[in-house]
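Q: Attaching a single structure in structure tokens format; questions to follow.
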Amino acid sequence: MIFMPNNYEFKPGSWRRRFKRWTGFGDWPLQYKLIVLFLMIGILPSIALGVLVNWTVNRIVDEQMTANTLQLIGKVNQTLDNNMENLQSITYLIGFDPAVKRFLSGEMSGDGTESGEGNGEAPHALLNEEKSERYEIRQLLQGFTTLYPEIAAILVVNHEGDYISNEMYARSDGNLTEESWYVEAAQHEGIFTVLGHPVQRNVTTHVFYSNDELISVVRSFVDPDTREVTGAVLIDLKLRAVAGAVRGVTLGKDGYLMVTARDGKPIYTPDHSPIAGIPPAWFPEEESGTFVREVGGQMLQFMYVTSSFTGWSTLGVFGASEAVHEVRKIQFYLVCFLFVVCLFGLTASYTLSQSISRPIRQLMSFMQKAESGDLTIRYWGGGQDEVGMLGRSFNRMLLQIRKLMKLSELRERQKREAELRSLQAHIKPHFLYNTLDTIHWMALKKGADDVSGMVESLSHLFRIGLSKGSDIIPIQDEWTHITSYLQIQKTRYRDRLHYELHLAPEAEGLYVLKLLLQPIVENAIYHGIKARRGPGSIVISAEVEEGMLLLTVTDNGAGMSPERLAELRRLLEDPLSAMQEPAGGEERSSRSYGLLNVQARIRLTFHEAYGIHIESAEGTGTRVIIRHPLLHTVPKASNEQGE
């Protein structure tokens, strides 16, 4: 009995996990798992079916053998009953004979009584008549023994003890009515009785037979009027009559038949039988059946049928472990079948597991090579199954990885070149800033205020452009930067250029990507205001709308044609690729590079939800809207880069 704690909770998958942990099944190669799976599916059911068939066949054959054996024993028993019924009929014929009736009534003496001949007491004619009747009776008895050679002798005795027989005679002058066989016949009152082997009786035969060679049967005669026993008939049957019906029957290899009386004493037993008798306690209560007993250290199986007429039991005796020839033949065929199934199952399991696991192992080796860096490897399997589809997906994945790696290398090279240009560009503002600062102080000393103001604006322009290397600056610095740039341009274009700057209060304190407005304002001046007849104006505003910062540059310059606007919008969709494309002329390159640069920096720094949107109509001006995320603090990465 297995005891479990009260708080034990059975989990359906726990036994599977324990099985895998105990056997290590989860770590087995796929081929071994498939072999075990195929063996369990193919061979185990075959073995189970073979065992079931073997058990069923043994059971059916055993039942049929038992039924056939019992039927055979019943046939033998019926033969013995027929023999005894013939003897019973003989006793009836003897009892119906008139001479026998007179003898049983005491009207004449038998062979064992003095006839009175020579004493002068009986008439001579009467004596001759009695002799004639006794002769007739003996002839009648002799006729039965002649007709049935199995009968050894017949003896008829009356109630006075006189007897007549064809072959029997009394050993002594004792009264035969006191014999045990006569007493038993008288007790049954006319019922045919089988006594078995004769034992301690006072009669014998002229031909010497031992008691073991004879079977005795008796029947008493009863007066129908007085119901008194008038005599009895004793018949000795030769044992060969029983042996002839039993001896020729064999059961299996070593089995045999034997016959026993009611008390278990043997009637007929073969010479080689180790059994002297069967105890009555061995027999079940049924008239037929089987039982197993150990005799002489050997287990024997007994099948018996008991006759209700004679009371004899005919038994079939054979070894309990003796196999029937047909069962052995079936078992041999079954073992051969299981051997073929196991051999075929092992071969099929190995072949199928190889066909399934080999492509997977090849694909695994290709993946390991690809993992080590060899992206030129390819899976060449042409199957249409899942492994083939996986291999083709693996090939497409490697192609995509190589493409992405080339693109990454290209962008990394562009990044290095941009960093190099940035470092080189940082050197120039430092030098120019210091030089402009010197010019500013020299102009102040000489009283050239306009030159000093322009130099100061240019100095602010370079200083904010440098921004200590930081990419994100406060919006006030960007506003100062574009103001300085416009002041410089205002000095150049004077009355032809007017500008306005509007910084919304909610936009103050935000941070933006530096140098966003200068390239756009430069395009507005050179390609919008400059191309316009008469003075022009530029309006720059910063507002917070829809959760983002909107930087707007509006001019009333020449504008652009729909074709030019569509082309510019297309270039802004992929600014990096557009910047790498061969320029379609110096004009297109100069007019779009600043916008593409700003768009590329916004997309790389943030994501595609932000960037530049252009609205323009030819002759009415252009409006550029920059969508920028709301940055209330400087991002950490940008801050570290600035530091």
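The values are calculated or read from the model by the stated rules, or taken from the named source; none is laboratory data. What you see is a predicted model, and the numbers here were worked out from it, not measured in a lab. Neighbour counts are summed over all protein chains in view; Cβ atoms, including those assigned to glycine, are modelled from backbone coordinates with ideal geometry. Surface areas here come from the heavy atoms of the whole protein model, side chains and all, with no ligands, DNA or RNA. Shrake-Rupley method; radii C 1.70, N 1.55, O 1.52, S 1.80 Å.
Q: Quick one: count up the residues across segment 187-220 that are on the phi > 0 side of the Ramachandran plot and either modelled with pLDDT of 85 or more or surrounded by 15 or more Cβ atoms within 10 Å (Cβ to Cβ) (or both). So that I can check it myself, show each step before the final result.
A: Step one: of segment 187-220, the residues on the phi > 0 side of the Ramachandran plot are 189-190, 196, 200.
Imposing the further condition that a residue be either modelled with pLDDT of 85 or more or surrounded by 15 or more Cβ atoms within 10 Å (Cβ to Cβ) (or both) reduces the set to 189-190, 196.
Adding up the residues that qualify gives 3.
Q: Related question: Would you check if S541 is at pLDDT 90 or above, within 15 Å of H613 (Cβ to Cβ) and part of a strand (DSSP E or B)?
A: Details: at pLDDT 90 or above: yes; within 15 Å of H613 (Cβ to Cβ): yes; part of a strand (DSSP E or B): yes.
Against the criterion (at pLDDT 90 or above, within 15 Å of H613 (Cβ to Cβ) and part of a strand (DSSP E or B)), S541 qualifies.
Q: Please find, within segment 166-186, the residue that is surrounded by the most Cβ atoms within 10 Å (Cβ to Cβ) out of those that are among the charged types (D, E, K, R) and in a loop (DSSP other than H, G, I, E, B).
A: Going residue by residue through segment 166-186, those that are among the charged types (D, E, K, R) are 167, 171, 173, 178-179, 184.
Still in the running and in a loop (DSSP other than H, G, I, E, B): 167, 171, 173, 179.
On the way: E167: 19, R171: 9, D173: 8, E179: 21.
So the residue we want is E179.
Q: Still on this structure, I have one more. Does L375 satisfy the condition of being touching a residue at least 24 places away in the same chain (Cβ under 8 Å) and part of a helix (DSSP H, G or I)?
A: In short, no.
Q: I've got another one for you. So the check is Cβ under 8 Å with 6+ separation or different chains; which pairs have a first residue in segment 601-626 that's without any contact (Cβ under 8 Å) to a residue 40 or more places away in the chain and outside any strand (DSSP E or B) and a second one that's open to solvent by 40 Å² or more (accessible area, probe 1.4 Å) and of a type in the set (F, W, Y)?
A: Note: pairs meeting the criteria are R603/Y610.
Q: Which ones in segment 83-108 are at pLDDT below 85 and in contact with a helix residue (DSSP H, G or I) (Cβ under 7 Å, 6 or more places away or on another chain)?
A: The one that is at pLDDT below 85 and in contact with a helix residue (DSSP H, G or I) (Cβ under 7 Å, 6 or more places away or on another chain): M108.
Q: Still on this structure, I have one more. Give the residue that is nearest to S273 (Cα to Cα), with candidates limited to residues of segment 304-350 that are modelled with pLDDT of 80 or more and of a type in the set (G, A, S).
A: G316
Q: Shifting gears a bit: Give me the residue from segment 272-299 that is more than 23 Å from M65 (Cα to Cα) and part of a helix (DSSP H, G or I) and, out of that set, nearest to the chain's Cα centre (by Cα).
A: A281
Q: Do any residues in segment 64-82 that are modelled with pLDDT under 80 have Cβ atoms under 9 Å from those of residues that are assigned to a helix (DSSP H, G or I) and open to solvent by 60 Å² or more (accessible area, probe 1.4 Å), where the two are at least six apart or on different chains, and which pairs are they?
A: Listed pairs, sorted by first residue: M65/E326.
Q: Sticking with this structure for a sec: Tally time: how many residues in segment 243-271 are open to solvent by less than 20 Å² (accessible area, probe 1.4 Å), in a strand (DSSP E or B) and out of contact with any Gly (no Cβ under 8 Å at 6 or more places or on another chain)?
A: 2
Q: Take the conditions open to solvent by less than 50 Å² (accessible area, probe 1.4 Å) and at pLDDT below 75 and apply them to G383. Does it pass? Give the derivation first.
A: Numbers: open to solvent by less than 50 Å² (accessible area, probe 1.4 Å): yes; at pLDDT below 75: yes.
Taking the combined requirement at face value, the residue satisfies it.
Q: I would also like to ask the following. Conditions first: (1) in a loop (DSSP other than H, G, I, E, B); (2) over 23 Å from P149 (Cα atoms). F221 passes all but one, so which condition is the exception?
A: Failed condition: (1).
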